[in-house]
There are 2 protein chains.
Amino acid sequence: MSSRLREATSSLAYLLKHAQLQLAELTGPALAPFGITGRELAVLLTLTGCEPASQQQAAQRLGVDRTTMVGLVDALEDKGLVARRPQEGDRRRNVVELTEAGRDTLRRAGSAAAEAERQFLAPLSPAAAAQFTESLRTLVPPPAT
Amino acid sequence: MSSRLREATSSLAYLLKHAQLQLAELTGPALAPFGITGRELAVLLTLTGCEPASQQQAAQRLGVDRTTMVGLVDALEDKGLVARRPQEGDRRRNVVELTEAGRDTLRRAGSAAAEAERQFLAPLSPAAAAQFTESLRTLVPPPAT
DNA sequence: TATTGTTATACTCTATAACTATA
DNA sequence: TATAGTTATAGAGTATAACAATA
């Protein structure tokens with residue numbers, strides 16, 4: 001492989017980028033009926049994963065900047081899916097919690113996103129799909145917190 | 001999986017995104033000594049893959065817009081790595097070819113990028129790494145042209 | 001009329017720096 | 001002084017529309 005030139009479309013960077021684009025093309029339309037984007041669903045998933053978390057904790061877990069999280073929570077709050085309240089004991093922090101509507105949307109949109117993932121992985125055998133996901137988990141380190 | 005909630009950091013979208021980020025963090029510094037970015041290396045690889053190609057053909061093969069390719073070729077031309085010339089027979093087209101310096105940079109930078117990919121895949125067994133790449137190729141359709 | 005390259009423009013995602021309020 | 005949230009700003013990356021040259 002050191003002497004033979006690989007095509008650009010065979011490089012890992014190309015494949016990862018276009019895999020992501022392709023998954024996004026399935027996920028976007030699947031989530032549209034629920035009025036949220038894939039990123040917003042990820043925020044909802046993060047918030048429900050660990051119990052009442054501050055914005056910054058959620059940001060670290062998602063791997064986005066805290067300044068980015070502000071806008072994401074803003075949008076979800078405008079849609080009535082989450083609520084902010086100052087944390088008692090340390091009022092610098094905002095605790096972000098899902099509303100009832102947020103939990104409902106998460107349930108239904110999460111199911112739609114899971115279906116999009118299944119569709120994305122459909123070209124692989126079930127065993128290959130499972131190992132593909134498992135390899136990704138091995139390659140991507142879990143978030144710090 | 002339909003009833004049990006997955007964590008956001010387990011979703012395929014999260015894993016693909018962060019796999020890409022992690023690879024980019026290895027590839028970027030590896031290419032810095034050669035004065036090119038990962039995207040620019042991809043363009044060089046694309047141009048060398050199929051013989052003298054127009055900008056638009058290269059753009060399709062890379063999966064980027066033709067307006068994006070203008071800037072990429074501009075940068076590579078400024079660095080003396082590629083040269084544009086009108087195609088004889090159809091002067092609307094620009095044929096983009098690697099210069100001697102471009103071929104030399106491609107050889108050395110391509111080797112560095114391959115090493116970065118090996119480093120990225122190192123947490124996987126050789127067999128798992130091979131199947132991971134193969135699965136990606138199955139999931140990502142080859143470019144139109 | 002259609003196509004290639006180009007420019008201008010805008011939109012998304014992201015990060016950095018500076019501000020505020022709390023600690 | 002340090003931290004959490006916020007705002008403003010700037011930088012990538014991308015796409016759309018419009019234009020010039022050519023077919």
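Here are the numbers for this structure:
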{"item": "Residue satisfying all of: in segment A:59-74; within 8 Å of DNA strand D (Cβ to nearest atom) and crowded, with 20+ Cβ neighbours inside 10 Å; farthest from B:Leu16 (Cα to Cα) among these", "result": "A:Val73"}
{"item": "Single residue of B:Thr48, B:Thr105, B:Thr133 found to be touching a Gly at 6+ places or on another chain (Cβ under 9 Å), more than 13 Å from DNA strand D (Cβ to nearest atom) and either modelled with pLDDT of 95 or more or not in a helix (DSSP H, G or I) (or both)", "result": "B:Thr105"}
{"item": "The listed residue being within 13 Å of another protein chain (Cβ to nearest Cβ) and not small (Gly, Ala, Ser), out of B:Pro52, B:Pro141", "result": "B:Pro141"}
{"item": "Segment B:46-60 - residue that is free of Cβ contacts under 8 Å to residues at least 24 places away in the same chain and of a type outside the set (Asp, Glu) and, of those, farthest from DNA strand C (Cβ to nearest atom)", "result": "B:Gly49"}
{"item": "Residue list for segment B:4-45, restricted to those being within 8 Å of chain A (Cβ to nearest Cβ), over 14 Å from the mean Cα position of the chain (by Cα) and not hydrophobic (A, V, I, L, M, F, W, C)", "result": "B:Arg6, B:Glu7, B:Thr9, B:Ser10, B:Ser11, B:Tyr14, B:Lys17, B:His18, B:Gln22"}
{"item": "Residues within segment A:83-101 that are within 13 Å of chain B (Cβ to nearest Cβ) and either within 12 Å of DNA strand D (Cβ to nearest atom) or over 24 Å from A:Pro143 (Cα atoms) (or both), tallied", "result": "0"}
{"item": "Matching residues, segment B:62-74, being within 27 Å of B:Pro141 (Cα to Cα) and within 12 Å of DNA strand C (Cβ to nearest atom)", "result": "B:Val64, B:Asp65, B:Arg66, B:Thr67, B:Thr68, B:Met69, B:Val70, B:Gly71, B:Leu72, B:Val73"}
{"item": "Count of segment A:119-132 residues which are more than 7 Å from chain B (Cβ to nearest Cβ) and surrounded by fewer than 17 Cβ atoms within 10 Å (Cβ to Cβ)", "result": "6"}
{"item": "Failed item, numbered, when B:Arg39 is tested on (1) in contact (Cβ under 8 Å) with a residue 12 or more places away in the chain; (2) more than 9 Å from DNA strand D (Cβ to nearest atom)", "result": "(2)"}
{"item": "Meets criteria (in contact with a Ser or Thr (Cβ under 7 Å, 6 or more places away or on another chain) and modelled with pLDDT of 95 or more) for B:Leu31", "result": "yes"}
{"item": "Flag if B:Glu77 is at pLDDT 95 or above and within 16 Å of DNA strand C (Cβ to nearest atom)", "result": "yes"}
{"item": "Tabulated pairs, segment B:61-82, first within 14 Å of chain A (Cβ to nearest Cβ), second within 9 Å of DNA strand D (Cβ to nearest atom) and of a type in the set (Val, Ile, Thr), C-beta under 9 angstrom, 6+ apart or interchain", "result": "B:Leu62/B:Thr68; B:Leu72/B:Val64"}
{"item": "Per-region count, segment B:10-40, residues among the polar types (S, T, N, Q) and either buried (at least 18 other Cβ atoms within 10 Å of the Cβ) or not in a helix (DSSP H, G or I) (or both)", "result": "4"}
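Yes/no per residue for (1) under 15 Å from the mean Cα position of the chain (by Cα); (2) of a type in the set (Val, Ile, Thr); (3) within 15 Å of B:Thr37 (Cα to Cα):
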{"position": "B:Gly71", "(1), (2), (3)": "no, no, yes"}
{"position": "B:Glu77", "(1), (2), (3)": "no, no, yes"}
{"position": "B:Val96", "(1), (2), (3)": "no, yes, no"}
{"position": "B:Glu134", "(1), (2), (3)": "no, no, no"}
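So that you can scan it fast, the table gives a plain yes or no per residue for (1) modelled with pLDDT of 95 or more; (2) out of contact with any Pro (no Cβ under 9 Å at 6 or more places or on another chain); (3) of a type in the set (Asp, Glu):
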| position | (1), (2), (3) |
| --- | --- |
| A:Ala59 | no, yes, no |
| A:Leu81 | yes, yes, no |
| A:Asn94 | no, no, no |
| A:Thr99 | yes, yes, no |
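The values are calculated or read from the model by the stated rules, or taken from the named source; none is laboratory data. All figures in this text were calculated on a predicted structure; none of them were measured in a lab. Neighbour counts are summed over all protein chains in view; Cβ atoms, including those assigned to glycine, are modelled from backbone coordinates with ideal geometry.
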